[in-house]
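Read the figures in this text as sums done on the coordinates, not as results from a lab. Everything quoted here is computed from the prediction, not taken from an experiment. Positions of Cβ are generated from backbone atoms using ideal geometry, with glycine treated the same way; all protein chains shown enter the neighbour counts.
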Amino acid sequence: MSDVDSAFRCVLTFAMNVLYLKTILVLGLVSGVAFAGDPPSPKTLDAIRNSKVAADSGDDAEAIAILDVAIRDGSNDGILFLTRGLLLQRNKQDDLAIADFSRSIKLGFRPALSYASRGTCHLSGADPKMAMDDFNSALLIDPKLSIAHLLRGRLLYESGRLSDALRDLDLAIQLDPNAESYITRALYYLKLKDYAAACSDCSTAAALNPTDPDPLWLRAATHRKRGDEAAAISDCKLAERLETIHLQR
């Protein structure tokens, strides 16, 4: 596996994990987290709970269908649109997801998360300007939304604004030190040829998520860049072992 392949694998994993994390976050709102503004109706809460059960079992189509019925029945609770948007986004139906996120923003339900989620759709659709506008809007509303810093940092990195990107990545990690953030910052350090910092972030990501081979693939690529072939081979073997375990499950 080439260094470039390793880097792209990490970016793709990062993007998918962010979507899953956001979906879990919103669906988890029914489990005791306070709602901003007027609380949803009991009927809406039942729909969200049933949708979560379906999504947890791997049936996103059924989860979306449950929300469709609730919305068709006239419910105008913003959580329905944000949750359905996240599920649509996870299933690569970005145009429909954007419409739901826009509705959630208009209704004022978790607007920072709604903007960040809509920005992710624009990023997937290769519309960096719209994505940047949405990430900026999200952070104006909630400067502590780590996901928005993480996604804006990725976009800044891809546009070549590396110092700005690292500033966002540092903030994302301070606010929510998760494996995806460390992997992404490691990619930036690799671009800057700061191999020691890249290895350190890969090691932290591997410690936070010891079953994920991607930090090891990226660390192997970094070792190879710095001329330590023995360390690179060792990490590749560990990563291959983890992938074999995943395939056997």
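For this structure, a couple of remarks:
- Rg ratio (alpha-carbon, reference 2.2 N^0.38 Å) - the stretch 136-208: 1.04
- Rg/Rg_ref, the stretch 168-231, where Rg_ref = 2.2 N^0.38 Å and atoms are Cα: 1.04
- Computed as a quarter of the hull surface, the mean projected area of the alpha carbon convex hull for the stretch 33-160 stands at 7.8 nm².
- Dipole in debye (nearest 20) - the stretch 89-144, about Cα centre, beta carbon charges: Lys, Arg +1; Asp, Glu -1: 180 debye
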